[in-house]
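Shown below is the structure under consideration.
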Amino acid sequence: MNKIYLLVLLSVASFSSITAQQPLNMKGSEYCSMKKMKQGQLNDLSLASPNSPKHSYDVLNYTMNINLMNNYTSPYPASFSANLIIKFQIDTALNAIVLNAVNASLVIDSVKLAGTGFSHVSDLLTVNLDRTYLPGEITQVQLYYRHNNINDGAVYTSNGFFFTDCEPEGARKWFPCYDSPSDKATVDITAKVPLNVKLGSNGRLQDSIVDANSITYHWISRDPVATYLTVITSKVNYQLDVVNWTNPNTSEVVPIRFYHNSNEDPTYIESIIGDMTTFYSGQFGDHPFEKNGFATLNNQFVWGGMENQTLTSLCPGCWYESLVAHEFAHQWFGDMVTCGTWADIFLNEGFATWTEAHWTEHTGGYSAYKDEIINNAGTYLSQNPGWAISDPDWAINTPDVNILFNFAITYEKGSCVLHQLRYVLGDSLFFSGMKAYATDTVNFKYKSATIPDFRDKMEEVSGQDLNWFFDEWIYAPNHPNYKNVYAIKHLDNGKWQVMFTAKQSALAPIYWQMPLELEINFMDLSDTIVKVFNSYNSQIYAFEFDKQPTNLVFDPNHQIVLKEGSTIVGNEEFETSANHIISIAPDPFITSATVNYRLNSSGNVKIYLYDQLGRKISELANEKQSAGSHTLTIDGNSLQPGLYFLHFESGNISETIKLLKSN
């Protein structure tokens, strides 16, 4: 069929009423959401991006030595002893630092090095320093502490397992820390366990030292880690497979470790992890870490996965492609670039859910990707609880996990917003922007980021103002409900006119501006797709054709997936505006073109010329004009040959016409 695109300014996606999948067929994002909503309750708030929160000190490294010898045999206590050295840089002159440390979980025995004393009250550990330190200075405190034998939702022991699980604010339950996602630090963990235990953690395995009845594992993270992504995973008689992936760009060999229970078979995931790593590396920059891995746990970790940096936790037996695709995507979006605050969780979960669908696109084609996105939209539309993807207050007051990790909002709507941004920008700019964001070593890579940071990067790459897009899709709740109207009229000059009014429900608190696709079908069975930008309610568009149209289809390719509504025929409302028609001659033109138009009544008139990328080339009119016929001239001498678009606005009338500049 003949597709003619009349205007490309921006674009988006459509609604499909699809019910949520059954538990046995859950997507990776759903497993992830279910797991995280079952996590315990929260509390509180550099390697930070321009918009990440600032703090009085910046943790540079945690060095932990932990004795877990007694945790693997009945009665499987959760108690252990450890010493911890925290190295930090001063950002604001201070003589004490305040750390997060949950009183019920941790007993602090003593502090050393630059620490001279402490108080531990209301889950805050204040360590007095040996003097006042000035900005830029670096020092260390050493803490000797014990973990109590309690079930605190961060440390888990049973049947030969010991593992930690921290998102969003559980790290403070197993080691004192500045427990904010924006304060990332390298991690050095030494753990002593019985000989029959395998233990994994962040980064690379530096060494493992065996003595008569124990083995001491030493893990070092080369790259900064957020506290909630710091992990210890261990088990008696853990099975371990290693798949080596070779970076095609650098020839670096990256081991990917698979810890699994003896009754599980991870071989399918092991067979595809190389392709997945290569694909993600191509899309978002090279695999960021010196190792990676996955570990299945036990029935204390019933749902989904947790994207601990370089060692993802999975539910027992959960070697599912969609779950692994989702959690592995977090190694780029969430781990390498971490949300600056919990108000920025979209940068983690919305991105990983969209990337899960993008993996489907890689393996099954665009149609399979689009089906998954439409399914995500259907889940959101049927389960929408009515709040925004991001609330700025969450940066200060962490919400309940059922809000923070809500499946419909954080995961499904988040993925659809990224799809709509992809359509608004087009594939070239969208993927360039995503990669530029992920590979920005000055601001984001191995650091934290906020949603405004991401918006700014996409604006920088695209050359477009995207505030409107983020304001309505990220910071406003719900979605548009369209009540569109169109009409077809046979004109006196033998031509045909199609009028279209873009309407949204008057009950909505905002108006969702969006680029719209309109498919116009004709008697000869051909069709034309017209793209226009809709910026306000009841905006009217007029299109003139040499052949007879039969009907109009709104958003035929389901690009605005986050929407509801209808489009109906209604001739009456167009009768007073039908004469606002622009004509251009000659078309194509070489040196100049004449624009003729009529106004039924006086009013402000705006006429702009855009190129085929949607960039404004010139302003031809922006003034109040009287009723009647008007003429203006387009000077083609300064224009390169190619396709252009003339956009006309007056009152509630908006028209767009394409024109061609020839050699």
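The values are calculated or read from the model by the stated rules, or taken from the named source; none is laboratory data. This one's a predicted model, so the numbers in the text were calculated from it and none came from an experiment. Virtual Cβ from ideal backbone geometry, glycine too; neighbours counted across all protein chains shown.
Looking only at the range 619-629, decide whether some residue is farther than 20 Å from Gly651 by Cα and either surrounded by fewer than 13 Cβ atoms within 10 Å (Cβ to Cβ) or at pLDDT 90 or above (or both).
We begin by selecting, within the range 619-629, every residue farther than 20 Å from Gly651 by Cα; these are none.
Scanning the range 619-629 turns up no residue that is farther than 20 Å from Gly651 by Cα and either surrounded by fewer than 13 Cβ atoms within 10 Å (Cβ to Cβ) or at pLDDT 90 or above (or both).
Among what's in the range 255-271 and is in a helix (DSSP H, G or I) and closer than 18 Å to Lys291 by Cβ, pick the residue that is nearest to the chain's Cα centre (by Cα).
At the first step, the residues of the range 255-271 found to be in a helix (DSSP H, G or I) are 267-271.
The next check asks that each one be closer than 18 Å to Lys291 by Cβ; those that pass are 269-270.
On the way: Ile269: 24, Glu270: 26 Å.
The selected residue is Ile269.
Among the listed residues Leu632, Leu639, identify the single one that is touching a strand residue (DSSP E or B) at 6+ places or on another chain (Cβ under 6 Å), modelled with pLDDT of 85 or more and not in a strand (DSSP E or B). Talk me through it step by step, then tell me what you get.
On the way: Leu632 fails: not in a strand (DSSP E or B).
The unique qualifying residue is Leu639.
Still on this model: Need the failing condition index for Ala212 against (1) under 26 Å from Tyr76 (Cβ atoms); (2) modelled with pLDDT of 95 or more, just the number.
Only one criterion is unmet by Ala212, namely (2).
Continuing with the same structure: Where in the range 155-207 are there strands (runs of 3 or more DSSP E), lying fully within it, with 2 or more residues that are closer than 27 Å to Ser110 by Cα? Steps first, please.
Working: elements: 155-158, 161-164, 186-194, 197-201.
Here the list reads 155-158, 161-164, 186-194.
If you take the residues in the range 218-250 that are among the hydroxyl-bearing types (Ser, Thr, Tyr), modelled with pLDDT of 95 or more and not in a strand (DSSP E or B), which one is nearest to the chain's Cα centre (by Cα)?
Of the range 218-250, the ones among the hydroxyl-bearing types (Ser, Thr, Tyr) are 221, 227-228, 230, 233-234, 238, 246, 250.
The next check asks that each one be modelled with pLDDT of 95 or more; those that pass are 221, 227-228, 230, 233-234, 238, 246.
Remaining after also requiring not in a strand (DSSP E or B): 221, 227-228, 230, 238.
Working: Ser221: 25, Thr227: 20, Tyr228: 18, Thr230: 21, Tyr238: 34 Å.
Restricting to residues being among the hydroxyl-bearing types (Ser, Thr, Tyr), modelled with pLDDT of 95 or more and not in a strand (DSSP E or B), the top hit is Tyr228.
Of the residues that sit in the range 346-373 and are hydroxyl-bearing (Ser, Thr, Tyr) and crowded, with 24+ Cβ neighbours inside 10 Å, which one is nearest to Phe284 (Cα to Cα)? Quick ask: steps written out before the conclusion?
Just the residues of the range 346-373 that are hydroxyl-bearing (Ser, Thr, Tyr), to begin with: 353, 355, 360, 363, 366-367, 369.
Keeping just the survivors that are crowded, with 24+ Cβ neighbours inside 10 Å gives 353, 355.
Numbers: Thr353: 15, Thr355: 10 Å.
Restricting to residues being hydroxyl-bearing (Ser, Thr, Tyr) and crowded, with 24+ Cβ neighbours inside 10 Å, the top hit is Thr355.
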